[in-house]
Amino acid sequence: MICPEKLQKGDHVGIIAPAGPIDNEKIQVAVPFFEKLGLQPILGKYIQQKNGYLAGTDQQRLEDLHDMFADPSIKAIICARGGYGTGRIAANLDYELIKQNPKIFWGYSDITYLHTAIRQKTDLVTFHGPMVVSDIARNEFDSLSASRFSQLFKSDTYTYTEEISPLHVISPGEAEGEIVGGNLSLLVSTLGTPYEIDTKDKILFIEDIGEEPYKVDGMLNHLRVAGKLEEVAGIVVGDFANATPTLDSSFTLQEVLDDYFHALGKPVLSGFKIGHCFPHVAVPFGVTAKLSSNKKTLKIEPGVR
């Protein structure tokens with residue numbers, strides 16, 4: 001795997017919207033956050049565009065992403081928000097351009113599709129973390145979420161413990177492997193495509209928002225019958241926001257998770273504050289991680305060099 005170079009004070013960071021359209025005022029609210037980190041945010045040329053439920057045309061969103069990777073003065077690329085649309089541009093990404101110009105790429109939710117495609121096509125380590133409009137610009141954005149941007153400035157190993165949130169052991173065990181994953185619905189949408197998520201011997205991280213238990217059930221079943229759960233080394237379950245069932249008769253989300261993971265024979269822990277939540281603990285994808293049910297920890301190697 002290729003770890004991008006760490007940031008230095010004064011570096012330029014590009015802000016793009018490769019998925020849904022953004023609120024321009026919220027961008028301006030978030031800019032001071034990066035300035036306080038000692039960084040200079042540079043907005044993508046088409047970031048203010050709107051094309052239905054997309055932030056501009058596919059070509060405009062592609063051009064912004066390509067421009068940021070090609071520009072040697074840009075040291076990191078931070079996505080403004082998720083929503084929908086990254087799967088539409090994955091087939092036309094210039095993966096050779098990205099591989100020849102490795103740099104920090106940061107986002108989550110719909111950005112999961114790009115995390116998966118970029119990592120598997122270029123071996124670049126990317127970062128699952130809070131985004132500009134959907135997180136940093138909100139009043140709820142907290143100090144713990146903000147503090148995880150520090151991982152971009154130094155090569156430190158990080159260990160998630162119950163000091164951050166209570167962790168629940170669904171299946172016991174110890175595992176080590178490359179951590180991959182992201183938004184569950186986006187991971188499922190990669191199946192049968194050239195960007196199909198590779199879970200073999202991996203620590204698979206999953207999270208989602210607004211998905212009722214029966215929908216999570218359907219997505220986990222899709223992964224299972226595709227052989228993706230059988231191949232994992234372990235599973236990290238992040239936050240599943242707004243998962244309250246509306247059906248008159250329903251399993252709880254925990255019952256669904258237990259049904260799929262309890263007898264997996266590999267470590268599965270839930271309760272991680274990673275995803276559509278606050279705090280939102282940012283983590284790199286593509287680096288080695290160690291998951292322990294005995295210690296209730298997730299130890300992750302640094303994502304920058």
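The values are calculated or read from the model by the stated rules, or taken from the named source; none is laboratory data. Predicted model, so just to flag it, every value in this text is computed and none were measured. All Cβ positions, even for glycine, are placed from backbone atoms using ideal geometry, and neighbour counts span all protein chains on display.
For region 36-46, filtering for residues that are within 18 Å of R138 (Cβ to Cβ) and free of Cβ contacts under 8 Å to residues at least 60 places away in the same chain leaves 2. Restricting to region 9-46, and then to whatever is in a loop (DSSP other than H, G, I, E, B) and of a type in the set (A, V, I, L, M, F, W, C), can you tell me which residue is farthest from D135 (Cα to Cα)? Out of the qualifying residues, it is L39. Note on region 1-46: residues that are among the aromatic types (F, W, Y) and over 23 Å from N101 (Cβ atoms) amount to 1. If I filter region 4-30 down to residues being under 27 Å from N51 (Cβ atoms) and without any contact (Cβ under 8 Å) to a residue 40 or more places away in the chain, which single residue comes out as surrounded by the fewest Cβ atoms within 10 Å (Cβ to Cβ)? If we take residues in region 4-30 being under 27 Å from N51 (Cβ atoms) and without any contact (Cβ under 8 Å) to a residue 40 or more places away in the chain, then E25 is surrounded by the fewest Cβ atoms within 10 Å (Cβ to Cβ).
Confirm whether V304 is β-branched (V, I, T), in contact (Cβ under 8 Å) with a residue 60 or more places away in the chain, surrounded by fewer than 22 Cβ atoms within 10 Å (Cβ to Cβ) and under 30 Å from R138 (Cα atoms). For V304, the condition - β-branched (V, I, T), in contact (Cβ under 8 Å) with a residue 60 or more places away in the chain, surrounded by fewer than 22 Cβ atoms within 10 Å (Cβ to Cβ) and under 30 Å from R138 (Cα atoms) - is met. Can you tell me which residues in region 264-291 are of a type in the set (S, T, Y) and surrounded by fewer than 19 Cβ atoms within 10 Å (Cβ to Cβ)? If the condition is that a residue be of a type in the set (S, T, Y) and surrounded by fewer than 19 Cβ atoms within 10 Å (Cβ to Cβ), then T288 is the only one that fits. Determine if region 191-206 includes at least one residue that is touching a residue at least 12 places away in the same chain (Cβ under 8 Å) and of a type in the set (G, A, S). Scanning region 191-206 turns up no residue that is touching a residue at least 12 places away in the same chain (Cβ under 8 Å) and of a type in the set (G, A, S). For region 47-66, residues that are free of Cβ contacts under 8 Å to residues at least 24 places away in the same chain and either over 25 Å from K99 (Cβ atoms) or touching a strand residue (DSSP E or B) at 6+ places or on another chain (Cβ under 9 Å) (or both) total 3.
Just name the residue that is surrounded by the fewest Cβ atoms within 10 Å (Cβ to Cβ) out of those in region 89-104 that are under 20 Å from R305 (Cα atoms) and touching a residue at least 40 places away in the same chain (Cβ under 8 Å). Once the filter is applied, the top-ranked residue is K99. Whenever a residue of region 131-144 is within 20 Å of I16 (Cβ to Cβ), its partners that are among the basic types (K, R), lying with C-beta atoms within less than 6 angstrom and at least six residues away or across chains, give the pairs M131/R81; V133/K26; V133/R81; S134/R81; A137/K26.
Checked against the criterion of being in contact with a helix residue (DSSP H, G or I) (Cβ under 8 Å, 6 or more places away or on another chain), more than 16 Å from D201 (Cβ to Cβ), in contact (Cβ under 8 Å) with a residue 24 or more places away in the chain and not charged (D, E, K, R), the candidates L264, L247 yield just one match: L247.
Please determine whether any residue of region 155-163 is in contact (Cβ under 8 Å) with a residue 40 or more places away in the chain and crowded, with 16+ Cβ neighbours inside 10 Å. Yes, because at least one residue in region 155-163 is in contact (Cβ under 8 Å) with a residue 40 or more places away in the chain and crowded, with 16+ Cβ neighbours inside 10 Å. Per this entry, K45 is counted among residues that are over 27 Å from S185 (Cα atoms), surrounded by fewer than 15 Cβ atoms within 10 Å (Cβ to Cβ), at pLDDT 95 or above and of a type in the set (D, E, K, R).
If the condition is being crowded, with 19+ Cβ neighbours inside 10 Å, outside any strand (DSSP E or B) and not acidic (D, E), then region 292-301 contributes only S293.
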